[in-house]
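Below: the structure, in structure tokens.
The values are calculated or read from the model by the stated rules, or taken from the named source; none is laboratory data. It should be emphasised that the depicted structure is a prediction, and the values quoted were computed from it without experimental measurement. Quick reminder, even Gly has a Cβ in these numbers, built from the backbone with ideal geometry, and neighbours come from all protein chains shown.
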Amino acid sequence: MAKRNKKEVFDWEDEEQEEIIWVSKSEIKRDAQELKQLGEKLVNLTKNNLSKVPLDEALLDAIELAQGLQKEARRRQLQYIGKLLRGIDVSPIRDALDKIENKHLQQQAMLHKLEILRDELVEKGDVALTELFNEYPSVDRQQLRNLIRAAQKERAQNKPSKAYREIYQLLKDLILLD
């Protein structure tokens, strides 16, 4: 073996040299654990929801196999799925999972917006109604006006709010189907 006489010196100012990024062993383990948890979420999906996630064939086969396993075999299969996930870009998979998991929250937010719109229609009357007509020209104007008047009357007389609920249903049908 020949000794090196000249030591290599790393020039920090030289942009042509490759950038070295040091990653701790703990960070590598955290990333691996995170991918394993992502794999577990994928395994717990139904077949219908799993078809909505962009997966390659090997990963899909591993997930389907893990769905039929139990205990230690399932744990080992989840480790394998995590290993497969390390080799691919997982951002499209995470995006698809977020859409699946947050679908319920999105629906609740939309229904809450409908309730606010209904309250504005009953409170403001024709001003809010004109804005709604501009945004949704297909709405039955006469029916909605009658329901708003009936809801205002019911509120003034402290009667049960039948028209109030009917306005909500009409808005739900109009906006969610649009």
ask   = In region 24-47, is there at least one residue being modelled with pLDDT of 85 or more, out of contact with any helix residue (DSSP H, G or I) (no Cβ under 8 Å at 6 or more places or on another chain), within 18 Å of ARG86 (Cβ to Cβ) and assigned to a loop (DSSP other than H, G, I, E, B)?
value = yes
query = How do the pairs read when you match residues in region 127-145 that are in the same structural domain as LEU170 (by TED's automatic domain parsing) with residues anywhere that are not in a helix (DSSP H, G or I), using Cβ under 8 Å and keeping only pairs 6 or more apart or on different chains?
reply = LEU132/VAL139; PHE133/VAL139; TYR136/ASP178; SER138/ASP178
message = Among the residues of region 123-137, are any surrounded by 12 or more Cβ atoms within 10 Å (Cβ to Cβ), among the small types (Gly, Ala, Ser) and under 30 Å from GLU166 (Cβ atoms)?
response = yes
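Condition check ((1) of a type in the set (Asp, Glu); (2) more than 24 Å from the chain's Cα centre (by Cα); (3) not assigned by TED's automatic domain parsing to the domain that holds ARG94) across all residues:
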position: GLU34; (1), (2), (3): yes, no, no
position: GLU40; (1), (2), (3): yes, no, no
position: THR46; (1), (2), (3): no, no, no
position: LYS52; (1), (2), (3): no, no, no
position: LEU55; (1), (2), (3): no, no, no
position: ILE63; (1), (2), (3): no, no, no
position: GLN67; (1), (2), (3): no, no, no
position: ARG76; (1), (2), (3): no, yes, no
